[in-house]
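Report on the structure given below.
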Amino acid sequence: MHPAFSVIFFTTSSGAGYGLLALMGLFGAAGQLPQDRWFGLTGLFIALGLVSAGLLASMLHLGRPERAWRAMSQWRSSWLAREGVLALATYVPAGIFAIGWVFLENTSGLFALMGVLSTVMALLTVIATSMIYRSLKTIHQWNNCWTLPGYVTLSLMTGALLLSALLMVFGEQVRAVHGLVPVAIVVAWIVKYVYWRFIDTTQSLATPNSAIGVDGASVKPLDPPHSTENYLLKEMGFQVARKHATKLRLISIATLFVLPLVLSLIAYMGVGGMIALIAAVLAVMLAGLGILAERWLFFAEARHAVNLYYGAESV
Amino acid sequence: MTVDPKPATADIHDPHAKADKVDFSPSLGDEVKYTTCYMCACRCGIRVYMKDGKVRYIQGNKNHPINKGVLCAKGSSGIMQHYSPARLSKPLKRVGPRGSGEFEEIEWDEAMDIATKRLKKIRETDPSKLAFFTGRDQSQATTGWWSSMFGTPNYAAHGGFCSVNMAAAGLYSIGGAFWEFGEPDWGLTKYFMMFGMAEDHDSNPIKIGLGKLKKRGAKFVSVNPIRTGYSAIADEWVGIRPGTDGLFVMALMHELLKAGKIDQQYIVRYTNAPWLVIQDEGASDHGMFARDDEGDPLVWSTKDEALKPSTDITTTPALKGEYTLADGRTAVPSFQLVAERYLDEQYAPDAVAETCGLKADDIRRIAAELAHVAFEEEIELDIKWVDWAGRRQDKMIGRPVSFHAMRGISAHSNGFHTCRAIHVLQMFLGSVEVPGGFRIKAPFPKPIPPTNKPTGKVDHVKPGTHLPGMALGFPTEPADLLLKDDGSAVRIDKAYTWEHPLASHGLMHMVIHNAWKGDPYKIDTLMLFMANMSWNSSMNTSKVIEMLTDKDEDGEYKIPNIIYSDAYYSEMVPYADLILPDTTYLERFDCISLLDRPISSPHSAADAIRYPIVEPDRDVRGFQGVLLDLGARLGLPGMVNDDGSAKYPGGYPDYIANHERQPGVGLLAGWRLQDEDGDHMDCRGPANPNQLEKYLENESFWHHEFLPEHTYYKMANKGYLEWAHELGCVVTKTQIVFHMYSEILQSFKLAGEGHGEHQPPEEHRERIATYFDPLPIWYQPLEETLTDLDEYPLHALTQRPMHMYHSWGSQNAWLRQITNQNRMYIARKLGREKDIKDDDWIWITSPHGRIKAQVKLMDGVNANTVWTWNAIGKRAGAWNLDKDAPEAKKGFLLNHLISELLPARGDGYRYSNSDPVTGQAAWFDLRVKIEKCNADEVEESWPQFEPTAKPPHMVDAPDILRYGEEFKPGKKAKNAKDAKNGGSK
Amino acid sequence: MTSLPQSTNKRLGLVIDLDTCVGCHACATNCKEWNTGGHMAPLTDQNPYGKDPDGVWFNRVHSFEVDRGDGPGVTINFPRSCMHCDNAACVTVCPTGASYKRAEDGIVLVNTDKCIGCKLCSWACPYGAREFDEDEGVMKKCTLCIDRIYNETLDIEDRQPACVLTCPVGARHYGDFNDPNSNVSKLVAERAGRPLMPELGYNPTNRYLPPRARRVDAENIGAQSRLDPVSPRKGFLSWVDNALSR
Ligand SMILES: Nc1nc2c(c(=O)[nH]1)N[C@H]1C(S)=C(S)[C@@H](COP(=O)(O)OP(=O)(O)OC[C@H]3O[C@@H](n4cnc5c(=O)[nH]c(N)nc54)[C@H](O)[C@@H]3O)O[C@H]1N2
Ligand SMILES: Nc1nc2c(c(=O)[nH]1)N[C@H]1C(S)=C(S)[C@@H](COP(=O)(O)OP(=O)(O)OC[C@H]3O[C@@H](n4cnc5c(=O)[nH]c(N)nc54)[C@H](O)[C@@H]3O)O[C@H]1N2
Ligand code: SF4
Ligand code: SF4
Ligand code: SF4
Ligand code: SF4
Ligand code: SF4
Ligand SMILES: [Mo]
């Protein structure tokens, strides 16, 4: 699949934003986070900012952005619509939660409830995003049980990295949060590792033979319908060379998992110090790069069934 | 099938359907007009829906005899051709150097003045200084007549570079031909063998026919080095080595002869197999038929034990044996010679298999299958009929094997004989003009050959005088050749000389070369119509471009004046001095005449017209009308009245309706006037002033269905022959006897051997004696015999893409999306050997030149063959395409590799690259080698040419095309996205 | 909601005969011609005369080479258009309701007034039948010629999809798959018509008739595999009967 920047940015940015929101909602409701309005403001601004930026970016992807409002009507059948509805709905508890925190410096009671609700909604939104991909039977690399956990764990992981760094910037120490980071990284890594193993070792049941309804040893394309590239090929025909993909995976593993893990352990151990702060911020930045690479690969390595008509031997 | 045509959506709860408010019954517009397609030469009937003055939709006319409602990919894209941005819009006069594309727009009056002045001078001095050659022209009845009235012998249409081998071999053997002159009996045939066809002129009828065949489960065998298109759906693909079909066919004949599987009754009745051939080695009539005093060929009647005239229907003619003639010499039935020749072991499957690249067992099997279907699955139609001699026949017996062949046979220098071999094979099987066999389309079969001889003998070509007949015709003996007293050619293309005696369509591929060289003489004006001669219709394109711009010592162009009529900005336009812009096919009258190439079928005669269904929005004129105007200005006979005024002031439609070729015979056969007794058939009679209206009422065509008893055995069918005679297609009502043995060829052979009054000069003797064999022969294609085959091991071919017509499809916004770059297709195995992969760039080199192209590997191709789609490569700047269009940057022309001359023979002489009998251009004899490009070579085709300049006032081609937006039912422009909408530029 | 109808009144669709398709592209261009002025008008073309021409087509014709292992390989021409699936995920993924499947006849359509151009439906279609019009920013697709098949301004026999009417070899058939007696149902039954990529569970309506086994053996048509020569001792022309009447 064509790795469109708008979609990569949308999923990663909103993923991190929802992750951060979910964690703030949960830990905030649990009273684990500083009640300070500036912390609340900054944290929720970043969370909702990332979410909103992501959602806006996703609109750039639309052919008719001015009609985007229509995208929510089919929530009963469409995961994209559900995602839209959930994304919008999440602003409500998150907004109330933010009012409590920023204006009243209160994250308990009703506001705690709103915090938990924000967490739930944020996670549901991420789940809905992942389901957009997960549900496409046309793309074996997405249509599997590792897509959803991948999105959720990465969302939480990037959210945790952000939250941990933010706490450090504010000079706060919340061991549970700082400790969660390496755990989240390891879990996300495992999920991603399994995902990659899965897509490396399995392929869609659809074959060039089933695509054209003719049995036989081999199906080789002779002439395509049109000499120059068409929409299908531009959108769905993207191919990343194996060598290239492997390299990108290594970069992604290094910047998304290995280095942030090391840095987060350093941060955890040196919590309160300058080194920890630097480590935590660096981890965020590296993970930012890493998640873009990861998401780029998520699209680039996805092989749509239509490619069977254009010479793919498997998808 | 039509499903219950009314939707019941209203009764069904379907909120989305409700919300969408689909308009189920949008109107197609105000008018439906019927005319004839011209996206190719197949001439299908079309129904054109017009909405608000624009073409909404073109559909096949279901009542039309050719296409019965279907339309091909080209026909369906007619809208884009009609609105092409490459259309010319006004007469152009060259102002820059030739080839620069620098023109000035001029008025028609000025254009006609320029042309008239120049042509007048030519006609008054030496009419042969005008060479008039037409390409995809479908009005040869008019263009040929015009040039004959002008008085020049230098007229031809594209047939010589197209498929004259098929026409000539057919017309000299069965009085009809493959090509578009006949077709398999699609409805009844049970075994169909197709040789070397990718598309043919009968595009839709062949497809309709193949569809029928597949439905019935008849076996379809395709003999073709390449397995695409038609061959893809064949039951059996015979991937033969190019140029060897003749041998393959002779091996089939060998097998049939050996097993006695010959339709003896058929060959005795309908062919000259029993005619006695004089056996008197060295005599001037050796190999000619023994004739009686009336000139009737003799047969040996076994019943009478006597020599009898072949027309005597009471005889029992012998097919073998040696008989003594009255003068004491011996003669044998020609069949004996046939049998002796092909029973020879050199034609045994085992002997030919390797050369043909086939398995001997397959050849034997195919022979057995042919015999099985022809003789064991014979069909009988319960149709009574009367033969030419008045004998009543109870039934029509059919041998349901059929053959068809086209350029895979004809475009080789051995194509004439190969095609004749196929015809002889058909005669063996008794399958011409019989139910289930190959059938000939009216107005054919004609006498063998047709009776018009070429004109343009020295005393025919005189200043200010017209020719006594049409320039092109059919020689029957050496005396018919067109030679000057010094033995040099009368015609600029050297047709009807000892180099190509039966060049009955001329040699268009030699015109530019000869005119440039001044060999046999210099001409003044080359007038071309609808032929892209500086590109895809020439061999040796790069050099031809040079010839067109080459100047002599005085700084004059070697071809002094070029007048050209095209409708579009083709590659040829920049090389002309005066451009007479034509209309598109939807804007003009045209006449698809029975006097020209038939659109009839085997069971009916038909002709058609085109008429303007859209008024041109440019200052362009239909070329036929322009020709008549030019003729009137020149005062050409037939085009002016006695007082010098124009005879057809109403232009071309006036001419179509009122011109008579012979009394009662005009261009159109339908709705002619009946005389008082009304005893004319409807196709002959005085001109009818309302004729064109009648055509319009009848959807622009006329169609005369023969009675069932006249639809088969037309060469010997009394009723049919009477009809054809009345129409003037045949001279006598006696049987047309097929020429299994060609005495005409023998007469040339004898000349080559030193007999007769007209003999070839020494240097051509052997060639004539060799290639004018009265029976089909096979020889290696000429170019191959003069080429180092180890160096150039591969055959290189082109095929027609079904969705493109030569060069002119590429300006079509829809069609060019399908193919805008051609690849060189090579066998996967060859790729492996040479380490060439898909998309690699390779050099392809022939003894003549080299080109660069991108590769596509495939399985279904003869291992020794490479090929590409024809005429996809374009010159940058032409056709109003972007100069970086893939057609120019990546597409390529194979033509650069093909030489119009053969390599020099021993004495240095170079014949044209043609069939030695007919002059047919031998496009497919090409041999090449390939090598992979170095990694650092640019990924574009080679050669590349300077982009040509755009002529004045040519529109800018749009970046976005939204054709049809305005037709959108109910939702006019509602969807236009204003933000992005730059509007069509 | 854009759920799919439980069942549809009719199941209209196409049968495409891969045994006879010669790959002529007539169906593709005629479809383009009809539809560029039809319900989904226009079928916009980008750079129509330029370097990378690209346009909206509802029907595209491929060719393939297949080694079937049952004899020589075959070349297959393969037209591809919307299958009007029963389980049309292109519809269920659509967030706006622009995509829908008609309960009446099973035709899958896009309401271009509603479409936001999110392209998700094209991702959900395994057959590549969705065509994005970049110029308009909306998705378009084969309508099964909804503006022909019910068009009362046309003759009854013309109320068929443009691609079907134009196909010169008659390789395309149109009808109601819900009706066991329709031509399409019969063809599918007779010739083992196949759905494409059944594994993905879309249950496409259109069916493809696979190429028949190629008949290259003499016995397929009841012939011998070689002719028996006349005994050479009698002379090869001994079969020539000398009493043939003229
Ligand atoms: N390598 C290779 N070369 C070949 C062949 C091959 O098989 N291989 N085939 C050969 C054969 S058989 C043929 S017939 C030739 C064909 O070659 P051409 O006869 O040159 O055919 P086109 O390329 O179609 O060019 C015809 C010209 O007619 C113009 N034209 C189109 N419509 C109209 C119209 O309505 N009015 C006028 N006045 N002009 C119009 C076009 O713009 C174009 O310039 O090519 C030959 N060349
Ligand atoms: N769509 C479309 N239709 C056209 C045209 C067009 O340009 N486009 N052009 C028209 C014109 S002018 C013409 S002349 C006709 C030509 O119609 P065709 O004769 O069908 O023309 P080609 O495409 O040249 O096909 C020649 C075929 O012969 C095969 N072949 C080559 N050499 C040999 C050989 O030695 N033996 C055998 N058995 N096969 C061989 C090639 O592989 C190819 O398939 O088509 C007409 N119809
Ligand atoms: S075959 Fe196609 S292009 Fe040729 S006349 Fe018929 S419809 Fe037109
Ligand atoms: S073929 Fe594709 S677009 Fe058509 S109904 Fe099926 S999934 Fe939808
Ligand atoms: S592109 Fe249009 S039709 Fe397709 S899913 Fe999006 S809104 Fe629906
Ligand atoms: S049914 Fe109509 S819209 Fe669909 S492919 Fe055929 S012609 Fe095109
Ligand atoms: S029109 Fe018919 S033969 Fe031509 S490509 Fe389409 S389905 Fe095949
Ligand atoms: Mo031709």
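The values are calculated or read from the model by the stated rules, or taken from the named source; none is laboratory data. Keep in mind that this is a model prediction, so the values were computed, not measured. Virtual Cβ from ideal backbone geometry, glycine too; neighbours counted across all protein chains shown.
Output the residues belonging to the range B:505-562 that are among the aromatic types (Phe, Trp, Tyr) and in contact (Cβ under 8 Å) with a residue 60 or more places away in the chain. Hits for the range B:505-562 are B:Tyr521, B:Phe529, B:Trp535, B:Tyr557. Condition check: within 15 Å of ligand 7 (Cβ to nearest atom) and away from chain B (no Cβ under 11 Å). Does C:Gly170 satisfy that? No; evaluated as a whole, the condition is false for this residue. If the condition is being within 30 Å of B:Met804 (Cβ to Cβ) and either at pLDDT 95 or above or within 16 Å of ligand 5 (Cβ to nearest atom) (or both), then the range B:124-145 contributes B:Ala131, B:Phe132, B:Phe133, B:Thr134, B:Thr142, B:Thr143, B:Gly144.
Answer yes or no as to whether C:Asp179 is within 10 Å of chain B (Cβ to nearest Cβ), at pLDDT 95 or above and more than 30 Å from B:Ile58 (Cα to Cα). Judged against the criteria, C:Asp179 is a match.
If you go through the range C:196-221 and keep only what is facing chain B (nearest Cβ under 7 Å) and free of Cβ contacts under 8 Å to residues at least 12 places away in the same chain, you end up with C:Arg215, C:Ala218, C:Ile221. Mind checking whether some residue in the range C:229-246 is modelled with pLDDT of 95 or more and more than 11 Å from chain A (Cβ to nearest Cβ)? No, because not a single residue in the range C:229-246 is modelled with pLDDT of 95 or more and more than 11 Å from chain A (Cβ to nearest Cβ).
Please tell me if B:Ala421 is touching a strand residue (DSSP E or B) at 6+ places or on another chain (Cβ under 9 Å), of a type in the set (A, V, I, L, M, F, W, C) and either at pLDDT 95 or above or surrounded by 23 or more Cβ atoms within 10 Å (Cβ to Cβ) (or both). It is false that B:Ala421 is touching a strand residue (DSSP E or B) at 6+ places or on another chain (Cβ under 9 Å), of a type in the set (A, V, I, L, M, F, W, C) and either at pLDDT 95 or above or surrounded by 23 or more Cβ atoms within 10 Å (Cβ to Cβ) (or both). Restricting attention to the range C:36-72 and to residues that are of a type outside the set (Phe, Trp, Tyr) and under 16 Å from the mean Cα position of the chain (by Cα), the residue that is farthest from the other protein chains (Cβ to nearest Cβ) turns out to be C:Asn59. Restricting C:Asp147, C:Asp133 to residues that are charged (D, E, K, R) and either within 25 Å of A:Ala81 (Cα to Cα) or in contact with a Cys (Cβ under 7 Å, 6 or more places away or on another chain) (or both) narrows the list to C:Asp133. Pairs meeting the criteria (first residue in the range C:125-136 and facing chain A (nearest Cβ under 7 Å), second residue within 12 Å of ligand 5 (Cβ to nearest atom) and aromatic (Phe, Trp, Tyr), beta carbons under 6 Å, at least 6 apart or on different chains) are C:Phe132/A:Tyr231. The strands (runs of 3 or more DSSP E) found wholly in the range B:823-930 include none carrying at least 2 residues that are surrounded by 21 or more Cβ atoms within 10 Å (Cβ to Cβ) and assigned by TED's automatic domain parsing to the domain that holds B:Trp535. For the range A:134-141, indicate whether the set of residues that are among the basic types (Lys, Arg) and more than 30 Å from A:Ala300 (Cα to Cα) is non-empty. So far as the range A:134-141 goes, no, none of its residues is among the basic types (Lys, Arg) and more than 30 Å from A:Ala300 (Cα to Cα). Of the residues screened, C:Glu33 is one that is facing another protein chain (nearest Cβ under 7 Å) and within 16 Å of ligand 3 (Cβ to nearest atom).
Against the list (1) closer than 27 Å to B:Arg365 by Cβ; (2) crowded, with 24+ Cβ neighbours inside 10 Å; (3) not charged (D, E, K, R), the condition B:Asn204 fails is (1).
Being over 27 Å from B:Arg47 (Cα atoms) and more than 15 Å from ligand 4 (Cβ to nearest atom) is not true of C:Gly128. Considering the range C:178-194, and only residues there that are outside any helix (DSSP H, G or I) and out of contact with any strand residue (DSSP E or B) (no Cβ under 6 Å at 6 or more places or on another chain), the residue that is nearest to ligand 2 (Cβ to nearest atom) turns out to be C:Ala192.
Selection within the range B:13-39: residues that are at pLDDT 95 or above and more than 11 Å from chain C (Cβ to nearest Cβ). The member of this set that is farthest from B:Phe181 (Cα to Cα) is B:Lys33.
Of everything listed in (1) over 30 Å from the mean Cα position of the chain (by Cα); (2) crowded, with 19+ Cβ neighbours inside 10 Å, the single unmet condition for B:Gln279 is (2).
Checked against (1) in a strand (DSSP E or B); (2) within 8 Å of another protein chain (Cβ to nearest Cβ); (3) of a type in the set (Lys, Arg), B:Lys308 passes all but a single condition, namely (2). It is to be established whether one or more residues within the range B:74-92 are away from ligand 7 (no atom under 16 Å from the Cβ), closer than 18 Å to C:Ala28 by Cβ, touching a residue at least 40 places away in the same chain (Cβ under 8 Å) and of a type in the set (A, V, I, L, M). Looking through the range B:74-92, at least one residue is away from ligand 7 (no atom under 16 Å from the Cβ), closer than 18 Å to C:Ala28 by Cβ, touching a residue at least 40 places away in the same chain (Cβ under 8 Å) and of a type in the set (A, V, I, L, M).
For residues that are in a loop (DSSP other than H, G, I, E, B), more than 16 Å from ligand 5 (Cβ to nearest atom) and not small (Gly, Ala, Ser), tally how many sit in the range C:3-22. Total satisfying the criteria: 11.
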